[in-house]
Amino acid sequence: MTATPLTTIAVQKQLVRQKALVELRAPGLLAKWPVIGLAMFLLGGLGFAALTYNLLARGPLLAWDRVLANTLPAIALSSPAFVKGLMIAGFYMGKQVIMILDILLGGYFLYKRYWQELAMVTIGWGGAALLFYGLSTYLDRPRPVTQIWIVTYIPGFPSGHAVSVVVFYGLLAYLVAPRMPSVLWKMVVAVLALLIIVFVGFSRIFTGGHFLTDILAGYAVGIAWSGLAYTLIELYYQKRRSQNGKKS
């Protein structure tokens, strides 16, 4: 008994859908609704501008910075031993782990010739690093003097860790969530990414590596850059695919 053409087409479509669920591809939501990326850029940009003004004008949030920078590291030093390992893990999750995963993802996308996703990974992370270096060097805000366990001396506003976790783990959730089989699992991926982002930021404040406003400014920069970069990349590749389709 041979399959009818309609049955064959249905099977082929099902195979395509199953393949799409397995492969790590950008869902194209930002290209479909670029207003999302624009909103992220404006929200993040305005948030960073407000926090920068607060810093330069010696605004009221600096009082919270001082209180937390003096209180939390003292609590950390009197905490159980496992807390130290947990907080140090937060430092590495926001830097070394991202570097490793970024290289692995880049290699995967290069091997599969997924140029859009490769551009999102490389431009996203590279741009985040350049933004952190440029902005932190220009604003030149010293870190808290109460740093413990891992001590760094480069300027800390905005936080490079905060920028990186938003840009990288946000993109990872954007790539993985659409592959999930149900709304529940999509929510699990989104919440897990959010928890990692918050945990890394908290660990940097808890150990005195950053002031609160450093972290908030880093989140704002990460949101703005993600919205801008990933939307433009998706729009560019969508236009290319459309042009190639017309030519064929």
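Brief remarks on what is shown
- Residue satisfying all of: in region 26-38; of a type in the set (A, V, I, L, M, F, W, C) and loosely packed, with under 14 Cβ neighbours inside 10 Å; nearest to R241 (Cα to Cα) among these: W33
- Filter pass, I154 being within 19 Å of the chain's Cα centre (by Cα) and surrounded by fewer than 19 Cβ atoms within 10 Å (Cβ to Cβ): no
- In the set G156, G160, only one residue is in contact with a His (Cβ under 8 Å, 6 or more places away or on another chain) and within 18 Å of L55 (Cβ to Cβ); that residue is G156.
- Test: residue in region 94-117 that is in a loop (DSSP other than H, G, I, E, B), among the hydroxyl-bearing types (S, T, Y) and in contact (Cβ under 8 Å) with a residue 24 or more places away in the chain: yes
- Taking the criterion of being aromatic (F, W, Y) and closer than 16 Å to F132 by Cα, the residues of region 189-220 that qualify are F211, Y219.
- For region 75-108, the candidate set comprises residues that are under 16 Å from V151 (Cβ atoms) and more than 23 Å from the chain's Cα centre (by Cα); within that set, the residue that is surrounded by the most Cβ atoms within 10 Å (Cβ to Cβ) is A76.
- Checklist (1) in contact (Cβ under 8 Å) with a residue 60 or more places away in the chain; (2) surrounded by fewer than 24 Cβ atoms within 10 Å (Cβ to Cβ); (3) within 24 Å of L118 (Cα to Cα); (4) among the aliphatic types (A, V, I, L, M) applied to V221, failing item: (2)
Listed here are the residues, each with its yes/no results for (1) closer than 21 Å to L212 by Cα; (2) β-branched (V, I, T).
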{"position": "G44", "(1), (2)": "yes, no"}
{"position": "A49", "(1), (2)": "yes, no"}
{"position": "A63", "(1), (2)": "yes, no"}
{"position": "N70", "(1), (2)": "yes, no"}
{"position": "S79", "(1), (2)": "yes, no"}
{"position": "F82", "(1), (2)": "no, no"}
{"position": "G94", "(1), (2)": "yes, no"}
{"position": "I103", "(1), (2)": "no, yes"}
{"position": "K112", "(1), (2)": "no, no"}
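Values quoted throughout were computed directly from the atomic coordinates according to the rules given, and no laboratory measurement underlies them. Because the structure is a prediction, the values reported are computed rather than measured. Every residue, glycine among them, receives a Cβ derived from its backbone with ideal geometry; neighbour counts consider all protein chains shown.
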